[in-house]
Amino acid sequence: MSKWFNVGKIVNTHGLRGEVRVLAQTDFPEKRFKKGSELAVFKKGDKEGIPVTVAAHRTHKNFDLLTFEGRPSIEDVEAFKGTVLKVHETHLGDLDEGEFYFYEIVGCRVETVSGEVIGRVTEVLTPGANDVWVVKGESKEFYIPYIADVVKSIDKNEKLIVIEPMEGLLE
């Protein structure tokens, strides 16, 4: 079965020239939305998406604005409101050393360097300079910054992240 990954939500149209307003759900909007990117539009409950190719990308306020090849007017994209944009696993591409996809991090077990189990990553937040991983423990949630001082190793195959907590991080 082929795998698709969310890269954004089409929240509205923009103007009359077939532009859509996208709320990005990816760490790499500049890669995902670059001209020529092959994506698919999924309506709720769809098993197969509608293939689209990015013709142009620009940012406006907190949104990414996209136009798709062969869809030059608002009428061509009106039906895409409220849909999800996805990328196929074959188009994910290779990441640089130290870069990970959200789906590779979510679900990982988090332990300290001394072997204490903290919990599992349930969510990745992107508030600014660095990502923050939400880790659900036995009785509470922890917010672990993805920085070299804290995150010592990530084993995608074992789904294990080892951290060295700084003072106050696990309180």
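For Y146, indicate whether it is loosely packed, with under 15 Cβ neighbours inside 10 Å, closer than 25 Å to V7 by Cβ and touching a strand residue (DSSP E or B) at 6+ places or on another chain (Cβ under 7 Å). Criteria not met by Y146.
In region 109-134, how many residues are surrounded by 12 or more Cβ atoms within 10 Å (Cβ to Cβ) and over 19 Å from G98 (Cβ atoms)? Total meeting the criteria: 9.
Would you mind stating whether V11 is over 29 Å from V134 (Cα atoms) and out of contact with any helix residue (DSSP H, G or I) (no Cβ under 6 Å at 6 or more places or on another chain)? In short, no. Only one entry in A40, A56 is more than 17 Å from K81 (Cα to Cα), at pLDDT 90 or above, surrounded by 13 or more Cβ atoms within 10 Å (Cβ to Cβ) and not charged (D, E, K, R), namely A56. In the set (1) assigned to a strand (DSSP E or B); (2) in contact (Cβ under 8 Å) with a residue 24 or more places away in the chain, V77 fails one condition alone, (1). The one condition from (1) without any contact (Cβ under 8 Å) to a residue 12 or more places away in the chain; (2) part of a strand (DSSP E or B) that L66 does not meet is (1). Applying a threshold of 6 Å to beta carbon distances and a minimum spacing of six or more residues, or different chains, the list of pairs starting in region 102-124 at a residue that is in contact (Cβ under 8 Å) with a residue 24 or more places away in the chain and ending at one that is part of a strand (DSSP E or B) and surrounded by fewer than 12 Cβ atoms within 10 Å (Cβ to Cβ) reads E111/V117.
Every condition in (1) at positive phi; (2) at pLDDT below 90 holds for K159 except the one numbered (2). Annotation note: Cβ proximity below 8 Å between a residue of region 18-33 that is small (G, A, S) and a residue that is surrounded by fewer than 17 Cβ atoms within 10 Å (Cβ to Cβ) (sequence gap 6+ or interchain) occurs for G18/P72; G18/S73; G18/I74; G18/D76.
The values are calculated or read from the model by the stated rules, or taken from the named source; none is laboratory data. For clarity, every value in this text was computed on a predicted model and none was experimentally measured. Methodologically, a virtual Cβ is constructed for each residue, glycine included, from the backbone with ideal geometry; neighbour enumeration extends over all protein chains shown.
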